[in-house]
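Report on the structure given below.
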Amino acid sequence: MNLFWQEIINGLFVGAFYALVALGYSMVYGIIRLINFAHGDLYMVGSFVGFTTLSVLFGRGGNMVFGLALAFMLAIIVVGLLGTGVERIAYKPLRNAPILSLLISALGMSLILENGVLVIPGWGSQFLVYPFNLPSTGFTVFGVSVTYMQLLIFVSCLLLMGGLQMFVQRSILGKAMRAIALDKDAAQLMGININQMVSMTFLLGAALAGAAGVMAGLYYKEINFMMGFEMGLKAFTAAVIGGIGNIPGTVIGGFVLGVLEALGSGYLGSEWQNVFAFAILILLLVFKPTGILGEKIGGRM
Amino acid sequence: MNIGRKQRLPVVGVALVAAALFPLLFPDPYYVELGVQIGFYMVLAVGLNMVAGFCGLLDLGYAAFFAIGAYTTGVGMTRFHFSFWLTIPFAILFAAVAGVIVGGPTLRLRSDYLAIVTLGFGEIVRITANNLAITGGATGIFAIPPLRLGSHLITAKIDYYYLMMFLVVLGVMGAYSLRHSRVGRAWHFIREDEDAALAMGVNTALFKLYAYITGAVWASMVGAVYAVSMTAIAPESFSYSQSVLILIAVILGGLGSIPGVLIGAVLVTALPEILREVSTFRLLIFGILMVVFMILRPQGLWPENVRGVFKPMPSVPGARPDGATYSAGGDGD
């Protein structure tokens, strides 16, 4: 029984990552109906930015808390800007093009980010060990062990997601975003600047992915240029589980996927973990393609 | 760049003779090996072109079907001592079943869902091959017996060169006749405007499934040949980047254009060989090309001759400017 609860707790922590990355997919999909294939790679770039920041800082004997804060900040800023850049270069010129062209362009962008990282000196194709080691101490509640690291990551994820939800629901910019998601043309007639709002959506989604990237580096302790590929697939699955385009749904989807996957790998063996996750995606599309809280997606092809 | 009907025969003839003479003029094993490589990418690109080019379905896990065929033949011949020909029906069956399982539910949804589901499916197949004992795990299957034609064992690379040439011709002929059939016209209609096709009574979900399964079965048969020609297969040959390379050949060459995708296949295989020093950048270069092409030239290097599919009425010759308008498929939102 302890294994069961331990897997559930582990799944919740991993699910928090999934949710954070999935939010970027979901917001972009909600506003321009595009699956941004490059999103997982933005998360990967965030991880590398954090890696370099921490390496440079700790190489000079910097302060730990300050270093972490700076790593998060830089990752959020750099990846956020990169996200808007991706939209400007690869998606904006194609906004009225057939959806196939847009998807291919997104795929090209994903290849550019993955293989661009290979070219940057100090990054390359090898697995890099994250230059930060939070003591793996923790505590035990009801026979389930939790490390402080997990708790830290979990709380940061919740804060970021709460902040996003507040922004979208309470601020005037968030209101504009929701208006565009509902009806692009009507929103434009009401004086909302679509281009600006799309840029902002990409900025926000990418920034969250950047933060998630740093957390992943801290949590898994190893990063690689292909880590975004797998994460992108998982996050998309999470978004579909919860209902793509719906923010609370996406967060729920992240946690559901994390827990299901943890249970699956706990009982089937970790080498089947990804097969399990992607099989869930296919099964879900058979039985409930709209996800838990999603809008109808059938009809429109 | 379109060739008229009259010039087509000599051009095809010259290309065939050149391809047939190539290994005789350049008997260097390196060139023959490269020729076999190009042949595999050509037949796979022709197959994916039926899915992505003719019907407009973005399949990001095409290598999975290639893997299904290769592993069916590999396992069948080494573990069960089947003959090559006996493994083919199984390869077809498994690919078709997998195609129905993956495509059936997904093709009813928005077309971009297919892209991501096929991506996941590609990973499922690769990881499964990597984990199972019968597929040899990460080392894969080796010592696959050679192909036997009558009493002749095909082992020499040059034999495979001509076998691949034969498969390319077969695939191209099949693709041409499919494109001009009722099914091909339905695919074209779906690609150009799915809602209109549905409104005109085309069973879009069914025809999309046909396209997906046709591509799947073809890739699976090519995979079977791959297994006997390589004599060893491993999961890494069927990774995501393999699927992406085949797709790049189709996109850069020209979605829907058969001569285009053949050129694309040559490009994808030969470019990294020519630019050896920058081989680490090849996917970066291809990525940049994909974005640039989609923005500036979505029809690819050698655009599809749209007029060849829907012939204009005799009374209005040239009603459509020749190949001038072409949209890469799907619909605008």
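Structural remarks
- Per-residue Cβ neighbour rank within 10 angstrom, fewest leading, B:176, B:113: B:176, B:113
- The residues neighbouring residue A:199, those whose beta-carbon lies less than 10 Å from its own, together hold a net charge of +1 under the Lys/Arg +1, Asp/Glu -1 convention.
- Between B:143, B:295, B:43, the Cα set farthest toward the positive side of the dipole of chain B (charges on each charged residue's Cβ, about the Cα centre) is that of B:43.
- The residue among B:272, B:178, B:160 whose Cα reaches farthest toward the positive pole of the charge dipole of the range B:5-308, with charges on the beta-carbon of Lys, Arg, Asp and Glu, is B:178.
- Highest-fluctuation residue, B:117, B:261, B:36 considered, GNM on chain B with Cα pairs under 10 Å: B:117
- When +1 charges are put on Lys and Arg Cβ atoms and -1 charges on Asp and Glu Cβ atoms, the dipole computed for the range B:5-308 relative to its Cα centre reaches about 620 debye.
- Using just its DSSP H runs of length 4 or more, each adding -39500 (n - 2.57), chain B gives a mean residue ellipticity at 222 nm of -22000 deg cm²/dmol after division by all residues.
- For q = 0.09, 0.12 Å⁻¹, Debye-computed log10 I/I(0) when each Cα of the protein assembly as shown counts as one equal scatterer: -0.75, -1.30
- Under a Gaussian network description of chain A, with springs only between Cα atoms under 10 Å, the residue in A:286, A:141, A:78 that fluctuates furthest is A:141.
- What the phi angles of the range B:15-24 give under the Karplus curve with 6.51, -1.76 and 1.60, with θ = phi - 60°, is a coupling list of 4, 5, 5, 4, 5, 5, 7, 3, x, 7 Hz, glycine and proline written as x.
- Counting neighbouring Cβ atoms within 10 Å and putting the fewest first, the residues B:83, A:47 line up as B:83, A:47.
- Three-way shape label, the range A:213-279, alpha-carbon gyration tensor, a/c 1.5: oblate
- Taking N as its residue count, the alpha carbon Rg of the range B:5-308 over 2.2 N^0.38 Å: 0.98
- Remark: mean inter-chain Cβ contacts per residue of A:180-191 equal 0, using a 10 Å Cβ-Cβ cutoff to other protein chain atoms.
- Charge dipole (debye, nearest 20) of the protein assembly as shown; +1 at Cβ of Lys and Arg, -1 at Cβ of Asp and Glu: 1060
- Shielding of B:193-201 by partner chains, average beta-carbon count, 10 Å: 1
- About its Cα centre, chain A has a charge dipole of approximately 700 debye under the convention of +1 per Lys or Arg Cβ and -1 per Asp or Glu Cβ, with nothing else charged.
- Here the relative contact order of the range B:5-308, from alpha carbon pairs under 8 Å that lie six or more residues apart, stands at 31 percent.
- Among B:234-245, B:126-137, B:211-222, A:107-118, the peptide with the highest mean count of other Cβ atoms within 10 Å heads the list, and the full ranking is B:211-222, A:107-118, B:234-245, B:126-137.
- Residue among A:48, B:15, A:80 farthest towards the positive dipole end of the protein assembly as shown, charges placed on Cβ: B:15
- For the protein assembly as shown, the number of Lys pairs with C-alpha atoms closer than 16 Å, counting only pairs eight or more positions apart or on separate chains, is 4.
- Average beta-carbon neighbours from other chains, 10 Å sphere, peptide A:276-285: 5
None of the figures in this text is laboratory data; all of them are computed from the coordinates on show. Being a predicted model, the structure only gives us computed values, none of them experimental. Note: ideal-geometry Cβ built from the backbone for every residue, glycine included; neighbour counts use all protein chains shown.
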